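Student: What follows is a single structure, and I will ask about it in a moment.
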């Protein structure tokens, strides 16, 4: 037992948000909680580590998570169980929320793939098309799910159906819920708790103690458990290049309202300062439909002026990043070129996509490491 762990009444105190062992010494380590916050949490019965507190109250993702070795140990331990894996994906940031080679770690346990955040997709997008597309993306990553479910944990859309599917596939076994950060896993877990136990408030230490660094056990009526594992940070996620209120300007908060831009060749769209889209060559003016957070500032300019405009306006007109102090730390945008042979979506993972016509050359720009890809148009 580490000397840094907080002990109360002979038991280690765990964060009720992520299950980490609470400590007050190392700000950069898992489970850190300021002493004053710890004292308040002990009085209220809800102790959160600083990372979970910031995530809950400020939508801010702190760069503290399990190490690669810890994550490997966690996944390997799951492979030794006989259980159902519920794997939560953000359908608006699929690449950023995929865990490549998941089956190598979870063994032969069946995987139920859950696409969360359906509430942000326009109603014109058919669920069957999204489900088929998500299965294809999973298969390409080496994941063979037994089924694919689409939900919105935020609005409770089809969560009851998901619970029925979990019951169908778990066959009386434990359930492990896995996923990277910012996919809405915690929201889903809280919804599951409300439906499975009737408890409406957030997880409490007395009812659902974090048993180890890497899990929170939620008991089921038959003696088995739903095991909530911590969100794993993927540096490729757009969200990890943003802080505080910047996330709300990039991550869709409500159903997206598509916007059509009539662009001539050699015109550019900036998405705040976090991404860029260039219509490079084509035979004429075309309409390009943008699917992104409704409040994200989009600026149109000429391609020839785009680089100089970005350098001058980043942190000013083009936000996020929110100010000059953030500009210095913000990664450069990388260009990805595509030539379309059919109506397609150019996807900037974690931000949205632009539907483009056939027979054009376009480029998508995103911070280094964030995926930009092309797919057949969803709509």
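Student: Would you mind stating whether residue 86 is at pLDDT 90 or above, closer than 25 Å to residue 236 by Cβ and either assigned by TED's automatic domain parsing to the domain that holds residue 177 or surrounded by fewer than 20 Cβ atoms within 10 Å (Cβ to Cβ) (or both)? Spell out how you get there, then give the answer.
Tutor: Numbers: at pLDDT 90 or above: yes; closer than 25 Å to residue 236 by Cβ: yes; either assigned by TED's automatic domain parsing to the domain that holds residue 177 or surrounded by fewer than 20 Cβ atoms within 10 Å (Cβ to Cβ) (or both): yes.
So residue 86 fits the description; yes.
Student: I'm trying to understand the selection: among the residues of the stretch 97-120, which are in contact with a helix residue (DSSP H, G or I) (Cβ under 7 Å, 6 or more places away or on another chain) and either under 12 Å from residue 151 (Cβ atoms) or without any contact (Cβ under 8 Å) to a residue 12 or more places away in the chain (or both)?
Tutor: If the condition is that a residue be in contact with a helix residue (DSSP H, G or I) (Cβ under 7 Å, 6 or more places away or on another chain) and either under 12 Å from residue 151 (Cβ atoms) or without any contact (Cβ under 8 Å) to a residue 12 or more places away in the chain (or both), then 112, 113, 114, 115, 116 are the ones that fit.
Student: Considering (1) without any contact (Cβ under 8 Å) to a residue 60 or more places away in the chain; (2) farther than 25 Å from residue 245 by Cβ; (3) surrounded by 15 or more Cβ atoms within 10 Å (Cβ to Cβ), say which one residue 307 fails and leave the rest.
Tutor: With (1) without any contact (Cβ under 8 Å) to a residue 60 or more places away in the chain; (2) farther than 25 Å from residue 245 by Cβ; (3) surrounded by 15 or more Cβ atoms within 10 Å (Cβ to Cβ) applied to residue 307, the lone miss is (3).
Student: In addition: If I ask for residues that are in a strand (DSSP E or B) and touching a helix residue (DSSP H, G or I) at 6+ places or on another chain (Cβ under 8 Å), which ones from the stretch 251-270 would you list?
Tutor: Of the stretch 251-270, the ones in a strand (DSSP E or B) are 259-263, 267-270.
If the condition is that a residue be in a strand (DSSP E or B) and touching a helix residue (DSSP H, G or I) at 6+ places or on another chain (Cβ under 8 Å), then 267, 268, 270 are the ones that fit.
Student: Now, a different point. Take residue 45 and decide whether it is within 26 Å of residue 225 (Cβ to Cβ) and at pLDDT 80 or above. Break it down stepwise before answering.
Tutor: Working: within 26 Å of residue 225 (Cβ to Cβ): yes; at pLDDT 80 or above: no.
When the stated conditions are applied, residue 45 does not pass them.
Student: Can you run down the residue pairs with Cβ atoms below 7 Å, 6 or more apart or on separate chains, where the first is in the stretch 150-166 and not assigned by TED's automatic domain parsing to the domain that holds residue 123 and the partner is assigned to a loop (DSSP other than H, G, I, E, B) and surrounded by fewer than 18 Cβ atoms within 10 Å (Cβ to Cβ)?
Tutor: Between residues of the stretch 150-166 that are not assigned by TED's automatic domain parsing to the domain that holds residue 123 and residues that are assigned to a loop (DSSP other than H, G, I, E, B) and surrounded by fewer than 18 Cβ atoms within 10 Å (Cβ to Cβ), there is no close pair.
Student: In the stretch 331-368, what residues are assigned to a loop (DSSP other than H, G, I, E, B), at negative phi, crowded, with 17+ Cβ neighbours inside 10 Å and touching a helix residue (DSSP H, G or I) at 6+ places or on another chain (Cβ under 8 Å)? Quick ask: steps written out before the conclusion?
Tutor: Looking only at the stretch 331-368, we keep the residues that are assigned to a loop (DSSP other than H, G, I, E, B), and these are 331-332, 340-343, 349-351, 357-360, 368.
Those still in the list that are at negative phi too: 331-332, 340-343, 349, 351, 357-358, 360, 368.
Next cut, crowded, with 17+ Cβ neighbours inside 10 Å only: 340, 349, 351, 357, 360.
Result: 349, 351.
Student: Working carefully through the options 314, 263, 269, find the one that is surrounded by 13 or more Cβ atoms within 10 Å (Cβ to Cβ), farther than 21 Å from residue 377 by Cα and in the same structural domain as residue 357 (by TED's automatic domain parsing). Lay out the reasoning, then the answer.
Tutor: Numbers: 263 fails: farther than 21 Å from residue 377 by Cα; 269 fails: farther than 21 Å from residue 377 by Cα.
Result of the check over 314, 263, 269: 314.
Student: Would you mind finding the one in 120, 94, 130 that is surrounded by 15 or more Cβ atoms within 10 Å (Cβ to Cβ) and under 20 Å from residue 229 (Cβ atoms)?
Tutor: Answer to the check: 94.
Student: When only residues in the stretch 6-29 that are touching a helix residue (DSSP H, G or I) at 6+ places or on another chain (Cβ under 8 Å) and at pLDDT 80 or above count, which is nearest to residue 185 (Cα to Cα)?
Tutor: 15
Student: Continuing with the same structure: How do the helices (runs of 4 or more DSSP H) wholly within the stretch 91-202 filter down when requiring 3 or more residues that are under 17 Å from residue 78 (Cβ atoms): which remain?
Tutor: Numbers: elements: 94-97, 102-106, 127-140, 159-170, 185-197.
In the stretch 91-202, the matching helices (runs of 4 or more DSSP H) lie at 102-106, 159-170.
Student: Taking the condition outside the structural domain of residue 302 (by TED's automatic domain parsing), surrounded by fewer than 21 Cβ atoms within 10 Å (Cβ to Cβ), outside any loop (DSSP other than H, G, I, E, B) and modelled with pLDDT of 75 or more, does residue 248 pass? Spell out the reasoning first.
Tutor: Working: outside the structural domain of residue 302 (by TED's automatic domain parsing): no; surrounded by fewer than 21 Cβ atoms within 10 Å (Cβ to Cβ): yes; outside any loop (DSSP other than H, G, I, E, B): yes; modelled with pLDDT of 75 or more: yes.
Against the criterion (outside the structural domain of residue 302 (by TED's automatic domain parsing), surrounded by fewer than 21 Cβ atoms within 10 Å (Cβ to Cβ), outside any loop (DSSP other than H, G, I, E, B) and modelled with pLDDT of 75 or more), residue 248 does not qualify.
Student: Criterion first (under 25 Å from residue 220 (Cα atoms), crowded, with 20+ Cβ neighbours inside 10 Å and touching a strand residue (DSSP E or B) at 6+ places or on another chain (Cβ under 6 Å)) does residue 113 satisfy it? Don't jump to the end; show me each part of the working.
Tutor: Numbers: under 25 Å from residue 220 (Cα atoms): yes; crowded, with 20+ Cβ neighbours inside 10 Å: yes; touching a strand residue (DSSP E or B) at 6+ places or on another chain (Cβ under 6 Å): yes.
Considered against the rule, which asks whether it is under 25 Å from residue 220 (Cα atoms), crowded, with 20+ Cβ neighbours inside 10 Å and touching a strand residue (DSSP E or B) at 6+ places or on another chain (Cβ under 6 Å), residue 113 comes out as yes.
Student: To continue, here is another question. Report yes if residue 233 is closer than 30 Å to residue 165 by Cβ, modelled with pLDDT under 95, crowded, with 16+ Cβ neighbours inside 10 Å and assigned by TED's automatic domain parsing to the domain that holds residue 362, otherwise no. I'd like the intermediate steps shown before the answer.
Tutor: On the way: closer than 30 Å to residue 165 by Cβ: yes; modelled with pLDDT under 95: yes; crowded, with 16+ Cβ neighbours inside 10 Å: yes; assigned by TED's automatic domain parsing to the domain that holds residue 362: no.
In short, no.
The values are calculated or read from the model by the stated rules, or taken from the named source; none is laboratory data. Small disclaimer: the values here were computed from a predicted structure and weren't measured. Neighbour counts run over all protein chains shown; Cβ positions are idealised from the backbone, glycine included.
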